[in-house]
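Asker: One structure, as structure tokens, below. Some questions next.
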Amino acid sequence: MARNASPSLTGFGARLAESRKRAGYSAAELSRLLGINAHTVSAWEKGQSEPRSNRLLMVAGVLGVSAGWLIEGDGGTLPSGARRPGEMAELRLRLENARRTLESLSDMLESAEEALEALERKIDG
């Protein structure tokens, strides 16, 4: 452990929890912003699992820290620039969640259209 390292920041989960707290988010708020289950954030913070790389980049962006710092640490101290993200970052996450919802609705519409077409063919045939 680095000379200035805090014991609370010695693993990914601890750095994530500290970054989340300093950014002013509860675990539930962070999970909502990321579009994931709150249990997932809890598992990450407890060291039971870690996010995939694409999700890690989102987490880092939301918390205002680098993905490298979350993974490796930087002398064991939270970067001084860590803060609650601005309005733009939150809007980007809302847009991404809206896109996912739209894609899901599009899939549902396509499936319903295919079922309707199949039923019409069966009735006409």
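Values in this text are rule-based calculations from the coordinates and carry no lab data. Note that the structure is a prediction, hence the values are computed from the model and not measured. Here Cβ is always computed from backbone atoms with ideal geometry, including for glycine, and neighbour counts include all displayed protein chains.
Asker: Name the pairs: first residue in the stretch 34-57 and among the β-branched types (Val, Ile, Thr), second residue assigned to a loop (DSSP other than H, G, I, E, B), Cβ to Cβ under 9 Å, at least 6 apart or on different chains?
Answerer: Listed by first residue and then by second, the contacts come to ILE36/PRO51; THR40/SER49; THR40/PRO51.
Asker: Then there's this: Quick one: would you say GLY64 is in contact with a Gly (Cβ under 9 Å, 6 or more places away or on another chain) and touching a residue at least 40 places away in the same chain (Cβ under 8 Å)?
Answerer: Against the criterion (in contact with a Gly (Cβ under 9 Å, 6 or more places away or on another chain) and touching a residue at least 40 places away in the same chain (Cβ under 8 Å)), GLY64 qualifies.
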